[in-house]
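The values are calculated or read from the model by the stated rules, or taken from the named source; none is laboratory data. Because the structure is a prediction, the values reported are computed rather than measured. Cβ atoms come from the backbone with ideal geometry, glycine included; neighbour counts cover every protein chain shown.
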Amino acid sequence: MNFEYSESLQQLLRKVDDFMEKHIYPIEKDYQEYVEAPEHLWKVYPGMEDLKTKARAEGLWNLFLPKEYGALSPGLTNLEYALIAEKLGKVIWASEVLNCSAPDTGNMEVLSKYGSPEQQERWLKPLMEGKIRSAFLMTEPRVASSDATNIETSIVRDGDEYVINGRKWWSSGAMHPDCSIYIVMGKTDPSAPRHSQQSMILVPADTEGVKIIRPLSTFGYLDSPVGHAEIDLSDVRIPASHLILGEGRGFEIAQGRLGPGRIHHCMRLIGCAQRSLELMCKRVSEREAFGRYIKDFSSIRQDIARSRCDIEQARLLTLSAADKIDRHGSAGAKDLIAMIKIVAPTMTCNVVDRAIQAYGGMGMSSDTPLASYYSYARTIRLADGPDEVHMYQLGRNTVKQVLKNN
């Protein structure tokens, strides 16, 4: 892996830093106060469109998509974008400003890789232009969705339509007022081989039979205006042309979607951890206890040193995974992807926890981003597959590799 970055990439990284310093950090508190106010629930921050216009004018737009998807994308590699994702992760909502936020990134990747020309024109184009938002409906409340073959939502062909019935939850993005399209995973053929039963289909959010039951909170955070919804799908009729790629291709699509997405999540988490460490260092340099600055206590110095080591280890592992995806695809990088999904969220939880402890009571309040970082990191230990699934698969693959080579 080449650790020497091109001059053009270094310029882009500096441009992202400058944008964050000029436009994101100065309004961070104002943004948080707005979205947390009860009267603004599920409303978009008034300055968001202006921020997006500025980002697009500076060429900081759709940075995650490769160059073959047109002028709206600068054509970065996964390794190059990973460095940007870390910077954006320092403010959880900053990715949206650059049209690089989940779940839209994954959904745009699905449509760009697997969507028909008609699907791309109707849904990918407005997503890339930032005119609409989207949601990904996979997890279900009635089954253990860590095993996606358990999914029960039915997608049944009826003439020129598919009829969808099921209940989904943790559908991130579905509460956003601009959410216009869902990608729904369900079963088209329960009798097919285990990994050929599922399919993915595009469902407009305003389709008859689609009902949002409730928003779900994570550790008390509703994550307005994006949100996580529980959604009922009752006799939802969708044109057959909305099916993505073909019947039984759902797992294939999911694997293509999740590889790069896990890089994005992990690098954003590393950004959270890095900023937590920076905030911790500033805090302990300003506060005194028992006659000396907190930074001078041995336990604090050990926490800082341990956090720096943990962050750097996770960063290098994630960059290695991104580099391997670029060279060998998601399938070739599957073990490294599993490693980062195990390592990065837990590392971030630990680093943020140390920072909260150093801050004291303030660390648990909304006066700092630490509590929201912890909620985000702890959530990602479940999202995109829980730790246990990744460890099970990684352990299995490791045994096979060792036995094969000996």
Positions within the range 381-406 being closer than 24 Å to Arg354 by Cβ, charged (D, E, K, R) and assigned to a loop (DSSP other than H, G, I, E, B), in sequence order: Arg381
Counting only residues in the range 359-406 that are among the aromatic types (Phe, Trp, Tyr) and in contact with a Phe, Trp or Tyr (Cβ under 9 Å, 6 or more places away or on another chain), the one surrounded by the most Cβ atoms within 10 Å (Cβ to Cβ) is identified as Tyr376
The one condition in (1) out of contact with any Gly (no Cβ under 9 Å at 6 or more places or on another chain); (2) in contact (Cβ under 8 Å) with a residue 12 or more places away in the chain; (3) over 25 Å from Ile340 (Cα atoms) that Tyr31 fails to fulfil: (1)
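Is it the case that Glu36 is more than 20 Å from the chain's Cα centre (by Cα) and assigned by TED's automatic domain parsing to the domain that holds Ala102?
yes
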In the range 285-380, which helices (runs of 4 or more DSSP H) lie fully inside it and hold 1 or more residues that are among the acidic types (Asp, Glu), outside the structural domain of Val35 (by TED's automatic domain parsing) and farther than 28 Å from Asp223 by Cβ? 298-332, 334-359
Working only within the range 133-153, note down all residues that are in contact with a Phe, Trp or Tyr (Cβ under 8 Å, 6 or more places away or on another chain) and either surrounded by 17 or more Cβ atoms within 10 Å (Cβ to Cβ) or free of Cβ contacts under 8 Å to residues at least 40 places away in the same chain (or both). Ser134, Ala135, Phe136, Leu137, Thr139, Glu140, Ala148
Does Arg194 fit the bill of being within 17 Å of Ala240 (Cβ to Cβ) and charged (D, E, K, R)? no
Go through the range 179-194 and give me each residue that's charged (D, E, K, R) and under 22 Å from Glu208 (Cβ atoms). Lys187
Single unsatisfied condition, Gly106 versus (1) under 14 Å from the mean Cα position of the chain (by Cα); (2) not in a helix (DSSP H, G or I): (2)
Please pick out the residue among Glu39, Glu68, Glu28, Glu21 that is part of a helix (DSSP H, G or I) and at pLDDT below 95. Glu68
Keeping to the range 280-302, report how many residues are closer than 12 Å to Tyr359 by Cβ and out of contact with any helix residue (DSSP H, G or I) (no Cβ under 6 Å at 6 or more places or on another chain). 3
Is it the case, given these coordinates, that Tyr45 is more than 22 Å from Cys266 (Cα to Cα) and of a type in the set (Ser, Thr, Tyr)? yes
So, in the range 273-325, of the ones that are basic (Lys, Arg) and without any contact (Cβ under 8 Å) to a residue 24 or more places away in the chain, which residue ends up surrounded by the fewest Cβ atoms within 10 Å (Cβ to Cβ)? Arg292
